[in-house]
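The values are calculated or read from the model by the stated rules, or taken from the named source; none is laboratory data. Quick caveat, the model's predicted, so the values are computed rather than measured. For neighbour counting, all protein chains shown are included, and Cβ atoms are generated from backbone atoms with ideal geometry for every residue, glycine included.
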Amino acid sequence: MTDPMVLLLAAPFAGAAILYASRGRAQRALAIALPAFYLVLGAAVVVRARWHFPVQAPLFSLPWLDDAGAFTLRLDPLSSILLLVVLIVGLLVMAFSTRYMGPGNREHPIQDGEGNHRYYAFLSLFIGAMVGVSLAGNLLVLFLFWECTTICSWVLISHYVHQAASVRAGFKALVMTHLGGVFLVIAIGVLFGLTGEFSFGSIARLEPGPQAVVFVCLLIAASAKSAQVPLFTWLPDAMEAPTPVSAYLHAAAMVKAGVYLMARVILDTATFPHWAGALMAALALVTMLVGLVFYFYQDDLKRFLAYSSIAQLGYMMLGLSLFMLGSKTGYVAGVFHLACHSVAKALLFLCVGLMAMRLGVRSISQISGLWSRMPITAACFFIGVLAVTGIPPFSCFWSKLTLVVGIMELKGAAMPLIAVPYYLEVVLAFFWFLKVGQRLLFGEPSPSVLAIAPDGPAEGTAFANAVLVTLAGLTVAMPLIVYPFVRSL
């Protein structure tokens, strides 16, 4: 009998073939029904395994690699967190796409169905690839699905194939994230050559020199995938993608793969020296501050959110690095923030997507007074601002508070050296987000806002609004959903 984890992994790949073959109204219905099925199946797998972690399942075997434990799946508290994020946000993004990808989109007006079969198929493939990353039982399996996310992101970012900027952005993302894949291969090769295994835990058995090589290679791979300094420039350019793609790949899925890689390796190895934690923390702090600086120069809303994502990914990497500096609470905060940030940033991206659909622009300087014409979108955007900046009771408050506790656990000079830049970024980001939110939502309606409804409110479709409201609710509920798994780390 086929293991449920294998069925869960296979479902999005089979769904991609179905979506590619479908058209019209049936395609839109399937684009909601199929990811809903993935989520139900994933939730059932997690609930079934909840009291028996870790659960393993063979995927397939090759006779000459069986002793290395190749091609296995594993579900535990850490993988459950990423799995639930990937499936929950994936469903909502696919549902929103059924309203975004059509002739009613003023920002990207296309004929109904033009290229949509490719779009939905690769989005389903991407969900499948992230399920594979989540369930990977060792580094070899993770690498296979890691590269699958690279290919899918290239296609999705380049979706508007007739626009040169879109094609360039997709190619840049492909090259820079594939560079990370090269370093991941080097790490796997060193590990297998010295231990004969691909398991995450086998890194602990390496001598200090080879272990340092493996750690640095993994950190480079994760930095490329999760847009950390200096390999971050592909992410703002990737905002040429359809906004639902940005909401999924760059808030909830692809960029979290690098964070997950380091979270998995650090948790299963637990022997990295202090210098490794110091290096990772330093890169994370620099990334946070670089992202913050670029906030102030953005007029494009999506690029503004992209730099915010870069800084927030720095939070996660910082939290993970604290484990190697003596704070398990910091590690928990980094993983917790992965889930809490995903729903908050997905909400902001989809709000911007609905604004651009209706207004035809996404420039901060060209939008004001949105509250008077699109009150539901405006309210959801404001909730997203509060959530991502860490205002209670919304999601990122709880993960950021946990990170503060983790930083306070550090001893010696490490605590102030990390705390000061962290607090600086948190405070300045909060005020800048408030300024942007006030500019967009309040004041006299701008010409772009008046154009959609000169005399009163003119919201988007009820279905699109329902997706936004659901995500707004998840900014409160997500910490509760993942908390049982977080506390088991």
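Test Leu218 against the criterion of being buried (at least 24 other Cβ atoms within 10 Å of the Cβ) and either in a helix (DSSP H, G or I) or on the phi > 0 side of the Ramachandran plot (or both), and give yes or no. Judged against the criteria, Leu218 is a match. For beta carbons closer than 7 Å, sequence separation of 6+ or different chains, a first residue in segment 365-376 that is in contact (Cβ under 8 Å) with a residue 60 or more places away in the chain and closer than 7 Å to Val449 by Cβ and a second that is among the β-branched types (Val, Ile, Thr) and assigned to a loop (DSSP other than H, G, I, E, B), the qualifying pairs are Ile367/Val361. Kindly establish whether Ala16 is without any contact (Cβ under 8 Å) to a residue 40 or more places away in the chain, assigned to a helix (DSSP H, G or I) and not β-branched (Val, Ile, Thr). Considered against the rule, which asks whether it is without any contact (Cβ under 8 Å) to a residue 40 or more places away in the chain, assigned to a helix (DSSP H, G or I) and not β-branched (Val, Ile, Thr), Ala16 comes out as no. Leu30 - would you say it is at pLDDT 85 or above and either closer than 17 Å to Leu139 by Cα or in a helix (DSSP H, G or I) (or both)? Yes; evaluated as a whole, the condition is true for this residue. Within segment 444-486, the set of residues being small (Gly, Ala, Ser), modelled with pLDDT under 95 and surrounded by 17 or more Cβ atoms within 10 Å (Cβ to Cβ) comprises Ser446, Ser448, Gly460, Ala464.
Yes/no per residue for (1) surrounded by 19 or more Cβ atoms within 10 Å (Cβ to Cβ); (2) in a helix (DSSP H, G or I):
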| residue | (1), (2) |
| --- | --- |
| Ile88 | yes, yes |
| Ala95 | yes, yes |
| Gly132 | yes, yes |
| Leu144 | no, yes |
| Ser153 | yes, yes |
| His159 | yes, no |
| Ala165 | no, yes |
| His178 | no, yes |
| Gly181 | no, yes |
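Quick one: would you say Trp398 is within 22 Å of the chain's Cα centre (by Cα), surrounded by 19 or more Cβ atoms within 10 Å (Cβ to Cβ) and of a type in the set (Phe, Trp, Tyr)? Spelling it out, Trp398 is indeed within 22 Å of the chain's Cα centre (by Cα), surrounded by 19 or more Cβ atoms within 10 Å (Cβ to Cβ) and of a type in the set (Phe, Trp, Tyr).
Yes/no matrix, rows are residues, columns are (1) surrounded by 18 or more Cβ atoms within 10 Å (Cβ to Cβ); (2) charged (D, E, K, R):
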residue	(1), (2)
Ala10	no, no
Ala14	no, no
Leu19	yes, no
Ser22	yes, no
Arg28	yes, yes
Ala36	no, no
Val47	no, no
Pro54	no, no
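Of everything listed in (1) surrounded by 24 or more Cβ atoms within 10 Å (Cβ to Cβ); (2) hydrophobic (A, V, I, L, M, F, W, C); (3) in contact (Cβ under 8 Å) with a residue 60 or more places away in the chain, the single unmet condition for Met324 is (3). So is Leu249 at pLDDT 95 or above, under 25 Å from the mean Cα position of the chain (by Cα) and crowded, with 24+ Cβ neighbours inside 10 Å or not? Judged against the criteria, Leu249 is not a match. For segment 417-453, the tally of residues that are closer than 18 Å to Phe304 by Cβ, of a type in the set (Ser, Thr, Tyr) and part of a helix (DSSP H, G or I) stands at 1.
Contact map, segment 185-196: residues that are small (Gly, Ala, Ser) paired with residues that are in a helix (DSSP H, G or I), Cβ distance under 8 Å, separation 6+ or inter-chain. Pairs shown: Ala187/Leu139; Ala187/Val213; Ala187/Val214; Ala187/Cys217; Ala187/Leu218; Ala187/Ala221; Gly196/Asp67; Gly196/Ala68.
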